[in-house]
Structure formats: C-alpha cells, structure tokens
Amino acid sequence: MSKRAASHTFTSSDAKDYIRSQIDRNILKNFKQTYFPDQKLSYLGLPGAELLDILSWRELLGYCTAVENTEVADELELNVLKKHLESIVHLERINIDELMLKGSGRGKLHWPYQVVNLDYYG
C-alpha cells in the first residue's frame, strides 16, 4: 500500500495551478456537459488541506468526499468551514488505501463518484 507523507505539506506551483484551474477544469467542464448536464459531479479524493482542487472546480461539484488521515485533516476541516464548503464536503479521516479496500470509513461512501482524484503526495 502507498503511504502519504504525513509530516510534509504540499506546496503548489504555478504549473500545477495552471493545470488544475485551466486544463483539468476544462476537461471536467466538458465531461459534465457531455455526460451529466443536469447534475453536479461527485468527487472522491485527496484534496489536501488547502482544498485547491475542490475550490478550482467548485461550481462543477455537488458532493465531495475528502480523505485525509494525518494531522492536516484538522486544517482541511477548518478550511472547509472558512471557504463555506460544509454543505458539499464530507471528511473521511482514514487512509485512502484502507478506505478503498473496506469501502467505508466513519461514514459511507456515496458511489458513484464521477471524479476520483488520487493525487498521492510523498
């Protein structure tokens, strides 16, 4: 199983920000328009404490399961509140590999997810 870096924080770059906000966003927008024009997309992933992916794709997403089992989970949860995302973001405090093997953590996974972002760091 993969292990995410627990003691390192992710630092984005101009290139990653461009990919996320321009390229990935346009791919998701076209995907939504083609296959799910009347609904928002569900997201399952590792957005990190800053929630950069979720914030970049916010208008396309309706439900998000954010997965984090390290000390950054508290920071992620605080940022959910600061960014007023509590109505769409559900935090699972579990290792993503365990979650995928078991199918559920503290709560229940809301399959299907149209966006699965397993962008491991570390």
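Here are some notes:
- Just one of (1) open to solvent by less than 80 Å² (accessible area, probe 1.4 Å); (2) closer than 20 Å to residue 112 by Cβ fails for residue 51. It is (2).
- Condition check for residue 2: modelled with pLDDT under 90 and of a type outside the set (Phe, Trp, Tyr): yes
- Checking each residue in region 54-69 for being farther than 21 Å from residue 19 by Cα and open to solvent by less than 20 Å² (accessible area, probe 1.4 Å) picks out 65, 67, 68.
- Among (1) under 14 Å from the mean Cα position of the chain (by Cα); (2) more than 16 Å from residue 119 (Cβ to Cβ) - the single one residue 34 does not satisfy: (1)
- So residue 24, is it open to solvent by 20 Å² or more (accessible area, probe 1.4 Å), within 16 Å of residue 120 (Cα to Cα) and not in a loop (DSSP other than H, G, I, E, B): no
- Filtered residues of region 29-47 (kept if in contact with a helix residue (DSSP H, G or I) (Cβ under 7 Å, 6 or more places away or on another chain) and open to solvent by 20 Å² or more (accessible area, probe 1.4 Å)): 29, 32, 40
- Conditions (1) at pLDDT below 90; (2) at positive phi; (3) of a type in the set (A, V, I, L, M, F, W, C); number of the one not met by residue 51: (1)
- Members of region 73-88 found to be of a type in the set (D, E, K, R) and touching a strand residue (DSSP E or B) at 6+ places or on another chain (Cβ under 7 Å), listed by number: 77
- Sole residue being farther than 17 Å from residue 90 by Cα and not small (Gly, Ala, Ser), chosen from 30, 69: 30
- Selection over region 87-103 of residues that are open to solvent by 80 Å² or more (accessible area, probe 1.4 Å), at pLDDT below 85 and not in a helix (DSSP H, G or I) gives a count of 0.
The values are calculated or read from the model by the stated rules, or taken from the named source; none is laboratory data. In this text the structure is predicted, and so the values were computed from the model without any measurement. Every residue, glycine as well, gets a Cβ built from its backbone with ideal geometry; the counts of neighbours run over all protein chains shown. Heads up: the accessible areas ignore ligands, DNA and RNA and are worked out on the full protein's heavy atoms, side chains in. Shrake-Rupley method; radii C 1.70, N 1.55, O 1.52, S 1.80 Å.
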